[in-house]
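> Sending over a structure as structure tokens; questions will come in a sec.
The values are calculated or read from the model by the stated rules, or taken from the named source; none is laboratory data. As the structure is a prediction and not an experimental result, all values here were calculated from the model. In this analysis, Cβ positions are derived from the backbone assuming ideal geometry, glycine residues included, and neighbour counts consider all displayed protein chains.
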Amino acid sequence: MMKKVFWAPLATAILLAACGPNQKTLELQAKAKSTFGKLPAKMPGSEKDTPEMVELGRKLYFDVRLSINDTQSCNSCHLLDNKKGGVDNKTTSTGAKGDIGDRNAPTVLNAGFHLAQFWDGRAKDLVEQAKGPILNPVEMAMPSEKAVVDKLSKIEEYPPLFAKAFPGQKNPLTYQNIAEAIAAFERTLITRDRFDDFMDGNLTALNTEELEGLELFLNTGCIQCHNGALLGGNSYRKTGQINAYENTKDLGRFNVTKNDADKYVFKVPSLRNVALTSPYFHDGQVKTLEEAVTKMAYLQLNVQLEESKARKIAKFLNTLTDKERL
């Protein structure tokens, strides 16, 4: 009888330790939810999108015929196939004519949630962004909007697809509608990850080291810039806020605003899917996630981050990878 009395509380304690919610984990979850929040189910602007628009946009996104020499599509620099992270994983991208761009290609995943598009925020939304690369001489290099429209008008399948996607318009195949369709497709590129599962209540979605990384991310100061549902993408910050970044050639947002205060200022990148989007920074000069974490801590926070802590933060950041791209 005494044996039973002794073992019953012990067994209960073991069971609670193994299965019950840990108070520290619950507190960490609560802080994460208040700091980040969840990605909405739909992107802004998607309420007007139709299946026909999305499907047309998908076709255009992957069509190399949008480039001057039929060699490059949107997907060439922002790869979505083969579980890619919406980037080409190059330092900077190569255009249709072999020219090299001057900035690292940002991911198209979740891009419609950002406050603006491009590293310097020069495009206000996905529609405006979609118009840029097609005519950029370093990228897809088409000579004019008219040339793009004329080219697609001569491709048999496109006129009826535009008519279906934009019913009631007299001339639906326009450059504006090309961008509208691509943006409609891009608005479907919402990702879901294990960190979402954790914030939704699954306290076992992250392992011990990942939870430690989350705690470090919250307490080190990373959330000064990387907050909100995207863990970034919602503000502009100077690269080298406390300690100067070595690359001073790219003046960042200054090229858009001509405001001296915007020199070396860039849009804070979202950390969703960051494990898939190396190399890092606007110039693509940082090769690994651990190096990016360490460098950002020093540049922005003046924190000399220990290697073990950088590794744990990187482990946490890996939980932000879309489950369909694992």
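> Restricting attention to region 95-117, and to residues there that are surrounded by fewer than 17 Cβ atoms within 10 Å (Cβ to Cβ) and not small (Gly, Ala, Ser), which single residue is farthest from LEU271 (Cα to Cα)? If you could, list the steps in order and put the result at the bottom.
Within region 95-117, the first condition is being surrounded by fewer than 17 Cβ atoms within 10 Å (Cβ to Cβ), and the residues that meet it are 97-100, 102, 115.
Adding the requirement that they be not small (Gly, Ala, Ser) leaves 97, 99-100, 102, 115.
Values: LYS97: 31, ASP99: 28, ILE100: 25, ASP102: 21, LEU115: 15 Å.
Among those residues, the one meeting the criterion is LYS97.
> What's the number of the only condition in (1) surrounded by fewer than 23 Cβ atoms within 10 Å (Cβ to Cβ); (2) more than 21 Å from PRO172 (Cα to Cα); (3) not basic (Lys, Arg) that VAL127 fails to meet?
(2)
> Working only within region 252-265, note down all residues that are assigned to a loop (DSSP other than H, G, I, E, B) and either closer than 17 Å to LYS124 by Cβ or not basic (Lys, Arg) (or both). Before the answer, list the steps.
Taking region 252-265 first, the residues assigned to a loop (DSSP other than H, G, I, E, B) are 253, 258-259, 263-264.
Once the filter is applied, which keeps residues that are assigned to a loop (DSSP other than H, G, I, E, B) and either closer than 17 Å to LYS124 by Cβ or not basic (Lys, Arg) (or both), region 252-265 yields ARG253, ASN259, TYR264.
> Could I ask something else about it? Looking at ALA141, is it of a type outside the set (S, T, N, Q) and surrounded by fewer than 18 Cβ atoms within 10 Å (Cβ to Cβ)?
no
> Another question, if that's okay. Could you tell me whether region 43-57 includes any residue that is in contact (Cβ under 8 Å) with a residue 24 or more places away in the chain, closer than 24 Å to ARG325 by Cα and either in contact with a strand residue (DSSP E or B) (Cβ under 9 Å, 6 or more places away or on another chain) or basic (Lys, Arg) (or both)?
No, because not a single residue in region 43-57 is in contact (Cβ under 8 Å) with a residue 24 or more places away in the chain, closer than 24 Å to ARG325 by Cα and either in contact with a strand residue (DSSP E or B) (Cβ under 9 Å, 6 or more places away or on another chain) or basic (Lys, Arg) (or both).
> Which pairs do you get when a residue that is without any contact (Cβ under 8 Å) to a residue 60 or more places away in the chain and in the same structural domain as ASP283 (by TED's automatic domain parsing), found in region 221-239, comes within reach of a residue that is surrounded by fewer than 18 Cβ atoms within 10 Å (Cβ to Cβ) and of a type in the set (A, V, I, L, M), reach meaning Cβ atoms under 9 angstrom, with the pair 6+ apart or on two chains?
Pairs that qualify, where the first residue is without any contact (Cβ under 8 Å) to a residue 60 or more places away in the chain and in the same structural domain as ASP283 (by TED's automatic domain parsing) and the partner is surrounded by fewer than 18 Cβ atoms within 10 Å (Cβ to Cβ) and of a type in the set (A, V, I, L, M), are LYS238/ALA261.
> Considering only region 194-226, how many residues are of a type outside the set (A, V, I, L, M, F, W, C), part of a loop (DSSP other than H, G, I, E, B) and over 22 Å from GLY284 (Cα atoms)?
Taking region 194-226 and keeping what is of a type outside the set (A, V, I, L, M, F, W, C), we get 194, 196-197, 200-202, 204, 207-210, 212-213, 215, 219-221, 224, 226.
Checking which are part of a loop (DSSP other than H, G, I, E, B) leaves us with 200-202, 204, 207, 221, 226.
Going one step further and asking which of them are over 22 Å from GLY284 (Cα atoms), we end up with 200-202, 204, 207, 221.
Residues in region 194-226 being of a type outside the set (A, V, I, L, M, F, W, C), part of a loop (DSSP other than H, G, I, E, B) and over 22 Å from GLY284 (Cα atoms): 6 in total.
> Being assigned by TED's automatic domain parsing to the domain that holds GLY132 and either surrounded by 15 or more Cβ atoms within 10 Å (Cβ to Cβ) or not polar (S, T, N, Q) (or both) narrows it down to one residue among THR71, THR50; which is it? Give the steps one after another, and end with the answer.
On the way: THR50 fails: either surrounded by 15 or more Cβ atoms within 10 Å (Cβ to Cβ) or not polar (S, T, N, Q) (or both).
Selected residue: THR71, the only one of THR71, THR50 that is assigned by TED's automatic domain parsing to the domain that holds GLY132 and either surrounded by 15 or more Cβ atoms within 10 Å (Cβ to Cβ) or not polar (S, T, N, Q) (or both).
> Also, I was wondering about something else. Can you tell me which residue within region 289-313, out of those that are in a loop (DSSP other than H, G, I, E, B) and touching a Phe, Trp or Tyr at 6+ places or on another chain (Cβ under 8 Å), is surrounded by the fewest Cβ atoms within 10 Å (Cβ to Cβ)? Write out each step before concluding.
So the first thing to find is which residues in region 289-313 are in a loop (DSSP other than H, G, I, E, B), and the list is 302-306.
Cutting the leftovers down to touching a Phe, Trp or Tyr at 6+ places or on another chain (Cβ under 8 Å) gives us 304-305.
Values: GLN304: 8, LEU305: 20.
Restricting to residues being in a loop (DSSP other than H, G, I, E, B) and touching a Phe, Trp or Tyr at 6+ places or on another chain (Cβ under 8 Å), the top hit is GLN304.
> On to the next question. Which members of region 169-183 meet the condition of being in a helix (DSSP H, G or I) and either among the aliphatic types (A, V, I, L, M) or out of contact with any Asp or Glu (no Cβ under 8 Å at 6 or more places or on another chain) (or both)?
Narrowing region 169-183 to residues in a helix (DSSP H, G or I): 175-183.
Those that are in a helix (DSSP H, G or I) and either among the aliphatic types (A, V, I, L, M) or out of contact with any Asp or Glu (no Cβ under 8 Å at 6 or more places or on another chain) (or both): GLN176, ASN177, ILE178, ALA179, GLU180, ALA181, ILE182, ALA183.
> With the requirement that a residue be under 24 Å from THR277 (Cβ atoms) and either touching a residue at least 40 places away in the same chain (Cβ under 8 Å) or in contact with a helix residue (DSSP H, G or I) (Cβ under 6 Å, 6 or more places away or on another chain) (or both), what does region 58-70 give you? It would help to see each step written out before you state the result.
Within region 58-70, the subset under 24 Å from THR277 (Cβ atoms) is 58, 60-64, 66-67.
Residues satisfying the conditions are ARG58, LEU60, TYR61, PHE62, LEU66, SER67.
> Identify the single condition in (1) out of contact with any Ser or Thr (no Cβ under 8 Å at 6 or more places or on another chain); (2) buried (at least 18 other Cβ atoms within 10 Å of the Cβ) that LYS146 does not satisfy, given that it satisfies every other one.
Failed condition: (2).
> Are any residues in region 200-217 buried (at least 18 other Cβ atoms within 10 Å of the Cβ) and either in contact with a His (Cβ under 9 Å, 6 or more places away or on another chain) or not acidic (Asp, Glu) (or both), and if so, which ones?
If we filter region 200-217 for residues that are buried (at least 18 other Cβ atoms within 10 Å of the Cβ), which is where we start, we get 205-206, 210-217.
The answer is ALA205, LEU206, LEU211, GLY213, LEU214, LEU216, PHE217.
> Continuing with this model, one more query. Restricting attention to region 230-251, does a residue exist that is small (Gly, Ala, Ser), crowded, with 19+ Cβ neighbours inside 10 Å and part of a loop (DSSP other than H, G, I, E, B)? Give the steps one after another, and end with the answer.
First pass over region 230-251, keeping only residues small (Gly, Ala, Ser): 232-233, 235, 240, 244.
With the extra rule that they be crowded, with 19+ Cβ neighbours inside 10 Å, the set shrinks to 232-233.
With part of a loop (DSSP other than H, G, I, E, B) added as a condition, the list becomes 232-233.
Scanning region 230-251, I find at least one residue that is small (Gly, Ala, Ser), crowded, with 19+ Cβ neighbours inside 10 Å and part of a loop (DSSP other than H, G, I, E, B), so the answer is yes.
> Looking at GLU186, is it surrounded by 23 or more Cβ atoms within 10 Å (Cβ to Cβ), closer than 26 Å to ARG237 by Cβ and either at pLDDT below 95 or not β-branched (Val, Ile, Thr) (or both)? Give the derivation first.
Values: surrounded by 23 or more Cβ atoms within 10 Å (Cβ to Cβ): yes; closer than 26 Å to ARG237 by Cβ: yes; either at pLDDT below 95 or not β-branched (Val, Ile, Thr) (or both): yes.
Yes, satisfied.
> Any residue at all in region 263-278 that's of a type in the set (A, V, I, L, M, F, W, C), out of contact with any helix residue (DSSP H, G or I) (no Cβ under 8 Å at 6 or more places or on another chain) and closer than 20 Å to ASP102 by Cα? Spell out the reasoning first.
To start, the set of residues in region 263-278 that are of a type in the set (A, V, I, L, M, F, W, C) comprises 265-266, 268, 271, 274-276.
Still in the list and also out of contact with any helix residue (DSSP H, G or I) (no Cβ under 8 Å at 6 or more places or on another chain): 266, 268.
Those left that are additionally closer than 20 Å to ASP102 by Cα: 266, 268.
Yes: region 263-278 contains one or more residues that are of a type in the set (A, V, I, L, M, F, W, C), out of contact with any helix residue (DSSP H, G or I) (no Cβ under 8 Å at 6 or more places or on another chain) and closer than 20 Å to ASP102 by Cα.
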